[in-house]
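Here's the structure we're looking at; comments come further down.
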Amino acid sequence: MSLPSPLDAIGLVDDADLAVDAAAMLLAAEDRPGLSSEDALELLPDAAPVLLGAERAARDAGRVTPAAPDWAEALACHVCGTLGIRGDRDTYDRPENADLIDVLHRGRGLPVAIAILAVGLVRRAGGQAHVIGLPGHAITQVGEGADAVWLDLFEGPGLLDAGGIGRAVHRALGRHVRLALDDLRPLSNRETLVRLLNNQLVRARKAGDLGRALVLARRLTRIAPQQSDLWWELARLEQLAGDRRAARRALAAMRETTRDPLRLRRIDAAAEALAR
């Protein structure tokens, strides 16, 4: 029996078992046919300096084991200093900014891509970290609960307070946007990957590149097959490409993901229109 492809394997694994940085690297490898999955994963930066830096910061603060600020200090030093990664404000919409291999090569990226790299480094070093998907932005949470601290590595190495988080959102979307408590909820690993790929999909649609948009939409349904809206978007793009059969298959797959009566009626109406 053949093994599932890397992307299908991502779609099958439980969210808690997903290594978000490794999965994002495998997504980047999909655009490089000559690069094996194994070689792509070898490109992930070493996490040992983050552990050593956190232990050093803890000792300097008189702590036996690293606390969240120690992990955050070591992480910021490694990402912004050693790896030289920062946000790409000048060419924000470049597709490469959401491709982890390019982000590591160029030292520039989107907020969510940088946060994925950061979270992966902390987790592989033995700490706890999450991607926080703010409206129009993404930051890194280091630690858990009341002891957590936040970093916006797109902007630089400094810790964020509540005011800094609000300013990050204002820079992204404008001062009219107000944060809700749920906006500080950590994204699941799969939600994070979907957000990363959606950045590329939105840019492909804006550029009028239907072929690229279809490639990305198909990848999204493979890594998150239970997410109904992704199948709807794929059906829409397949229809735009003139492949009604593929659009109907996407709607049939979407039907398997929902029991919501309104959504089922929407699927039936779309399938009926495609059959005409």
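In the set GLN141, GLN128, only one residue is modelled with pLDDT of 95 or more, polar (S, T, N, Q) and touching a Gly at 6+ places or on another chain (Cβ under 9 Å); that residue is GLN128. Screening ALA168 on (1) buried (at least 21 other Cβ atoms within 10 Å of the Cβ); (2) within 22 Å of CYS77 (Cα to Cα); (3) at pLDDT 80 or above shows it passes everything except condition (3).
Residues that are among the β-branched types (Val, Ile, Thr) and assigned to a helix (DSSP H, G or I) were ranked within the range 81-101; the one that is surrounded by the fewest Cβ atoms within 10 Å (Cβ to Cβ) is THR82. For the range 61-84, the tally of residues that are in contact with a strand residue (DSSP E or B) (Cβ under 8 Å, 6 or more places away or on another chain) and closer than 17 Å to THR192 by Cβ stands at 1.
The lone criterion from (1) out of contact with any helix residue (DSSP H, G or I) (no Cβ under 9 Å at 6 or more places or on another chain); (2) touching a residue at least 24 places away in the same chain (Cβ under 8 Å); (3) outside the structural domain of VAL20 (by TED's automatic domain parsing) left unmet by ALA270 is number (1). Screening the candidates ALA246, ALA252 for the property of being over 22 Å from the mean Cα position of the chain (by Cα) and surrounded by fewer than 16 Cβ atoms within 10 Å (Cβ to Cβ) yields one hit, ALA252.
Of a type in the set (A, V, I, L, M), surrounded by 15 or more Cβ atoms within 10 Å (Cβ to Cβ) and within 20 Å of the chain's Cα centre (by Cα) - does that describe any residue in the range 154-163? No, there is no match, as no residue in the range 154-163 is of a type in the set (A, V, I, L, M), surrounded by 15 or more Cβ atoms within 10 Å (Cβ to Cβ) and within 20 Å of the chain's Cα centre (by Cα). A Cβ distance below 6 Å, combined with a sequence gap of six or more or placement on separate chains, defines the contacts here; from the range 145-171, residues that are free of Cβ contacts under 8 Å to residues at least 60 places away in the same chain reach residues that are surrounded by 17 or more Cβ atoms within 10 Å (Cβ to Cβ) and in a loop (DSSP other than H, G, I, E, B) in the pairs LEU160/ASP152; ALA168/HIS137; ALA168/ASP152; VAL169/LEU134; VAL169/HIS137. Inside the range 210-243, residues that are within 17 Å of the chain's Cα centre (by Cα), not polar (S, T, N, Q) and not in a helix (DSSP H, G or I) make up a count of 2.
To keep it simple, each residue is scored yes or no on (1) hydrophobic (A, V, I, L, M, F, W, C); (2) under 14 Å from ILE223 (Cα atoms); (3) surrounded by fewer than 18 Cβ atoms within 10 Å (Cβ to Cβ).
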position: SER5; (1), (2), (3): no, yes, yes
position: GLU38; (1), (2), (3): no, no, yes
position: GLU42; (1), (2), (3): no, no, yes
position: ASP46; (1), (2), (3): no, no, yes
position: ALA58; (1), (2), (3): yes, no, no
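When you check ALA207 against the structure, is it among the aliphatic types (A, V, I, L, M) and either over 27 Å from the mean Cα position of the chain (by Cα) or buried (at least 21 other Cβ atoms within 10 Å of the Cβ) (or both), yes or no? Criteria not met by ALA207. Here GLY62 meets the list (1) in a helix (DSSP H, G or I); (2) surrounded by fewer than 18 Cβ atoms within 10 Å (Cβ to Cβ); (3) modelled with pLDDT of 95 or more almost entirely, failing just condition (1). A search for C-beta distances below 7 Å between a residue of the range 89-102 that is more than 15 Å from ALA207 (Cα to Cα) and any residue that is basic (Lys, Arg) and modelled with pLDDT of 95 or more, counting only pairs 6+ apart in sequence or on different chains, returns ASN97/ARG108.
The values are calculated or read from the model by the stated rules, or taken from the named source; none is laboratory data. Bear in mind that the values here come from a model prediction, so they are computed numbers and not experimental data. Neighbour counts are summed over all protein chains in view; Cβ atoms, including those assigned to glycine, are modelled from backbone coordinates with ideal geometry.
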